[in-house]
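Reviewing the structure listed below.
The values are calculated or read from the model by the stated rules, or taken from the named source; none is laboratory data. Given the structure is predicted, the values throughout are model-derived calculations rather than measurements. Because the Cβ atoms are built from the backbone with ideal geometry, glycine has one as well, and the counts that use them run over all protein chains shown.
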């Protein structure tokens, strides 16, 4: 089975809220909420991929030093296995904008389960709640 490496980020604001993004129509899991991020390209480190994805998806910039690995998800889908490290980022430049998503929302960690998420994102919630 093919393993796909995808990185995700929990942007955490000064009020300890986490940014989640709603997937657009036409993509798998359309309408569900997720942590921003995306595929790690060939020759790219997970941190470099996350910095690129945050710029592309949200229009924010950050540095490797601002990305702290927290946990990861390992989830089998029908055609591939997803390995997804979750980083926490508390420092970035710019105001997050939904460039590739339908909507963005700042959510208290304990309320994250109120938002339907893809199966791979759900296990990331508990470690975030413990941290925040």
Kindly establish whether residue 59 is more than 12 Å from residue 7 (Cα to Cα) and either surrounded by 20 or more Cβ atoms within 10 Å (Cβ to Cβ) or free of Cβ contacts under 8 Å to residues at least 12 places away in the same chain (or both).
-> no
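Only one of these is free of Cβ contacts under 8 Å to residues at least 40 places away in the same chain, surrounded by fewer than 17 Cβ atoms within 10 Å (Cβ to Cβ), on the phi < 0 side of the Ramachandran plot and over 14 Å from the mean Cα position of the chain (by Cα): 41, 25. Name it.
Numbers: 25 fails: free of Cβ contacts under 8 Å to residues at least 40 places away in the same chain.
So the residue among 41, 25 that is free of Cβ contacts under 8 Å to residues at least 40 places away in the same chain, surrounded by fewer than 17 Cβ atoms within 10 Å (Cβ to Cβ), on the phi < 0 side of the Ramachandran plot and over 14 Å from the mean Cα position of the chain (by Cα) is 41.
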Would you mind finding the one in 73, 68, 8 that is assigned to a strand (DSSP E or B), at pLDDT 95 or above and out of contact with any helix residue (DSSP H, G or I) (no Cβ under 9 Å at 6 or more places or on another chain)?
-> 68
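What tally of residues in segment 35-65 results from selecting those that are assigned to a strand (DSSP E or B) and touching a strand residue (DSSP E or B) at 6+ places or on another chain (Cβ under 6 Å)? Even if it seems obvious, please write down each step before you answer.
First pass over segment 35-65, keeping only residues assigned to a strand (DSSP E or B): 37-39, 61.
After this cut, where a residue has to be touching a strand residue (DSSP E or B) at 6+ places or on another chain (Cβ under 6 Å) as well, the list is 37, 39, 61.
Within segment 35-65, residues that are assigned to a strand (DSSP E or B) and touching a strand residue (DSSP E or B) at 6+ places or on another chain (Cβ under 6 Å) number 3.
For the condition modelled with pLDDT of 95 or more and touching a helix residue (DSSP H, G or I) at 6+ places or on another chain (Cβ under 6 Å), what is the one hit in 38, 31? Steps first, answer last, please.
Details: 31 fails: touching a helix residue (DSSP H, G or I) at 6+ places or on another chain (Cβ under 6 Å).
So the residue among 38, 31 that is modelled with pLDDT of 95 or more and touching a helix residue (DSSP H, G or I) at 6+ places or on another chain (Cβ under 6 Å) is 38.
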Under 6 Å by Cβ, and 6 or more places apart or on different chains, what pairs join a residue from segment 103-117 that is farther than 15 Å from residue 21 by Cβ with one that is in a loop (DSSP other than H, G, I, E, B)?
-> 108/17; 109/132
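Filtering segment 107-124 down to residues that are in contact with a strand residue (DSSP E or B) (Cβ under 9 Å, 6 or more places away or on another chain) and loosely packed, with under 14 Cβ neighbours inside 10 Å, which residue is modelled with the lowest pLDDT? Give the derivation first.
Kept after step one, since they are in contact with a strand residue (DSSP E or B) (Cβ under 9 Å, 6 or more places away or on another chain), are these residues of segment 107-124: 107-109, 112, 114-124.
Adding the requirement that they be loosely packed, with under 14 Cβ neighbours inside 10 Å leaves 108, 114, 116, 119.
Numbers: 108: 97, 114: 98, 116: 98, 119: 94.
Ranking the candidates gives 119 first.
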Taking segment 76-102 as the region of interest, how many residues are assigned to a loop (DSSP other than H, G, I, E, B), within 23 Å of residue 130 (Cβ to Cβ) and touching a residue at least 60 places away in the same chain (Cβ under 8 Å)?
-> 2
